[in-house]
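Have a look at the structure below, then the notes.
The values are calculated or read from the model by the stated rules, or taken from the named source; none is laboratory data. Being a predicted model, the structure only gives us computed values, none of them experimental. Reconstructed Cβ throughout: ideal geometry from the backbone, glycine too, with neighbour counts over all protein chains shown. We work out accessible area using only protein heavy atoms, side chains counted, and drop any ligands, DNA or RNA first. Shrake-Rupley method; radii C 1.70, N 1.55, O 1.52, S 1.80 Å.
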Amino acid sequence: MNRVVHPIEQESFRRLRARLDTSRFAPLSRAVVERVIHSAADLEYASDLVLDEGELAKAHTALHAGAPVVVDVEMVAAGITRRETVCRLKDATSGPGLTRSAHAIRLAYEEVGPGALWVIGCAPTALEELLTLDASPALVIGLPVGFVGAAESKAALRESGLPAVSNVSEKGGSAVAAAALNALLYTSLPSPASPSEEKQ
């Protein structure tokens, strides 16, 4: 089913593109950058986000093939309206050296196993915990927000070599993390040409 875009959203993107030239970005990168900016009304994300088109393409394929989507908090889940998500925060408990958010990530990994898309927009400790697991993710959208640990956890994500969307600064949050995932959900890519089509 095709997504119906509300006229207000259409006008918002028109104004965004009038103020910022996003044509330099490859298709999926552009989709993520624009939707994140749209969610926060913050043009600085165009230079703050760190992403890779090849990684996004593989994640896009996995997502549309039905890979699980795991979120750290219900606020992220609430922003992802076209796909069921896994959030185990209600089942998690804190303990010595373990935050509730980190425990929720452990529980989620036990449920979904490798190959999921992980969307973390709130808790740096959730992202830190994910990096200790052998999760083999299709993609980690790591955009937690805060003055304590957020920038550091995102730097650790980039250093891990995992396929990721992150940003350099301390800003982020549930809305922008959900927006990044939605960009992949909403964006259609042209099908590769068959050998017979390429010869024409």
Unique residue being closer than 21 Å to VAL36 by Cα, open to solvent by 10 Å² or more (accessible area, probe 1.4 Å) and basic (Lys, Arg) when the list is LYS154, LYS58, LYS90:
LYS58
Pairs returned, first residue in the range 1-18 that is surrounded by 11 or more Cβ atoms within 10 Å (Cβ to Cβ), second residue that is at pLDDT 90 or above and among the β-branched types (Val, Ile, Thr), beta-carbon separation under 7 angstrom, 6 or more apart or interchain, are LEU16/ILE37
Pick out the one residue from GLU129, GLU110, GLU197 that is open to solvent by 70 Å² or more (accessible area, probe 1.4 Å) and at pLDDT 95 or above.
GLU110
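Quick grid of which residues meet (1) farther than 30 Å from VAL5 by Cβ; (2) over 15 Å from the mean Cα position of the chain (by Cα); (3) of a type in the set (Val, Ile, Thr):
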site	(1), (2), (3)
VAL69	no, no, yes
ALA78	no, no, no
THR81	no, no, yes
LEU107	yes, yes, no
TRP118	no, no, no
ILE141	no, no, yes
SER160	yes, yes, no
GLU170	yes, yes, no
ALA177	no, no, no
Condition met for GLY97 (on the phi > 0 side of the Ramachandran plot, at pLDDT 95 or above and not aliphatic (A, V, I, L, M))
no
Is there any pair with a first residue in the range 89-114 that is under 11 Å from LEU133 (Cα atoms) and a second that is at pLDDT below 95 and among the acidic types (Asp, Glu) whose Cβ atoms are under 9 Å apart and which are 6 or more apart or on different chains, and what are they?
TYR109/ASP134; PRO114/ASP134
Does GLU170 satisfy the criteria of being farther than 20 Å from VAL32 by Cβ, touching a residue at least 24 places away in the same chain (Cβ under 8 Å) and open to solvent by 10 Å² or more (accessible area, probe 1.4 Å)?
no
Right, VAL86: under 27 Å from LEU43 (Cα atoms), touching a helix residue (DSSP H, G or I) at 6+ places or on another chain (Cβ under 8 Å) and among the β-branched types (Val, Ile, Thr) or not?
no
Out of curiosity, is ALA179 without any contact (Cβ under 8 Å) to a residue 24 or more places away in the chain and either touching a Lys or Arg at 6+ places or on another chain (Cβ under 7 Å) or open to solvent by 10 Å² or more (accessible area, probe 1.4 Å) (or both)?
no
